[in-house]
Amino acid sequence: MLKMDDCVQLYRGTWDEPQPPKIPKWRQKAGIYGPPEGVEEVAPPLRPLQPKRETLVVTLSEPQWDSFKSALKSSIQQRFKDASENIAQIKSEWSAVLSGEVKQQVEEFLSQNAELHEYSGHIDHYSKYVEQASHVPTSGTLHVFRLEYVYLRQSLLSLSGTFVSQLRNKLIAQHRDTVQGLNNQFSTIHTRIQETPQSTDQLFKLMEYVEEVRRITIHRLAEEVAEMVVRLKVILDVVHLTSEDLAITAAVIVWPAKLKPVIERAVESLEDYKQEFEETLVERSGEVNHTLERIQQFVTELEELSDVAHVSKYIRDCLVPYEELFTLVMKWRKYEKHWMDGDFTSLDPDFIDIETEELAR
């Protein structure tokens, strides 16, 4: 009896399940209902052929067997070699990603204060890794080997996508900070210039603030908004902003035009407050003048009723309050012209409040 080492069994034959021959419909009906009238009986349909299995036994001599094993070994080694070379090629193509070199490059770039165009260039560069990973097949056949690339493809897509996401997230974060900062500044101005001053000090400070906003701040913010719009055009080419981001960005873009009429109305309102303050000042000055006339009349009466030489003693003993009043009158004459005819913006509101209150008393 021959052993397995002494022979090789080779099989030949048809191993696929044979398909039965197609039968015409008229023959199928004839097999069910019988042949039509006047037609002879139809022969039965052909039966499918059964596959045959044949065995060929070949006896090999020792030299032939050695030669066969050597050829088989060489063939297997060659096929494993090709598979190994294919894996080595993949490692070579993705060496920068697999070794962590690309990750280090991205982290170093994020730590720098890079310009917008640099971010755009790096995103385009690392997006090529994502595109390259998307072209990796899920599987492949190499001779007798079936290579599965599903996990490799998913890992490369995830890793290369992380690099791009980090850069995009940094751009989005910077854009959000810029937009939020501008929106806060505009909101603060919008609230502040519509305040109602409760004192002359608040009136003067608010007038100075509105004037600075009108001449300087609004123009500076408008320039910053214009720069933000230029950056936005580049950002939208490489990232996708959320609907909330787009909404607040649009609100910031229209702030300069929205704030301009509010500033104009604030200027008009402050002018009304200023006029009201001047009218109050005039009213108080009238009260002081009336008091001065009464004092003058009183002094005249003293001159008529008593010896003028005793007037100073009389005032010192009995009219001490009027001595303070005379001092206030002198102050009024000193400041009246400056307050009424001088530059209104150069007045000290606290000082005016204190002096006029004292004079009014």
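The values are calculated or read from the model by the stated rules, or taken from the named source; none is laboratory data. In this text the structure is predicted, and so the values were computed from the model without any measurement. With ideal geometry, Cβ positions are generated from the backbone for all residues, glycine too; neighbour counts draw on all protein chains shown.
Observations on the model:
- Complete set of residues in region 193-229 that are within 11 Å of I263 (Cα to Cα) and among the β-branched types (V, I, T): I193, V210, V213, I218
- Applying the criterion of being farther than 23 Å from L157 by Cα and of a type outside the set (D, E, K, R) to the residues of region 109-129, the residue that is surrounded by the fewest Cβ atoms within 10 Å (Cβ to Cβ) is N113.
- Selection from region 188-233 of residues that are more than 30 Å from E115 (Cβ to Cβ), part of a helix (DSSP H, G or I) and among the β-branched types (V, I, T): T191, T200, V210, V213
- Verdict on S127 being assigned by TED's automatic domain parsing to the domain that holds L110 and of a type outside the set (A, V, I, L, M): yes
- The single residue among V252, V225 that is over 19 Å from F204 (Cβ atoms) and touching a residue at least 60 places away in the same chain (Cβ under 8 Å) turns out to be V252.
- Unique match (being in contact with a helix residue (DSSP H, G or I) (Cβ under 9 Å, 6 or more places away or on another chain) and farther than 28 Å from L246 by Cβ) among L221, L167, L147: L147
- Against the conditions (1) modelled with pLDDT under 80; (2) out of contact with any helix residue (DSSP H, G or I) (no Cβ under 9 Å at 6 or more places or on another chain), T138 satisfies every one except (2).
- A search for C-beta distances below 6 Å between a residue of region 200-217 that is surrounded by 13 or more Cβ atoms within 10 Å (Cβ to Cβ) and any residue that is of a type in the set (D, E), counting only pairs 6+ apart in sequence or on different chains, returns T200/D353; D201/D350.
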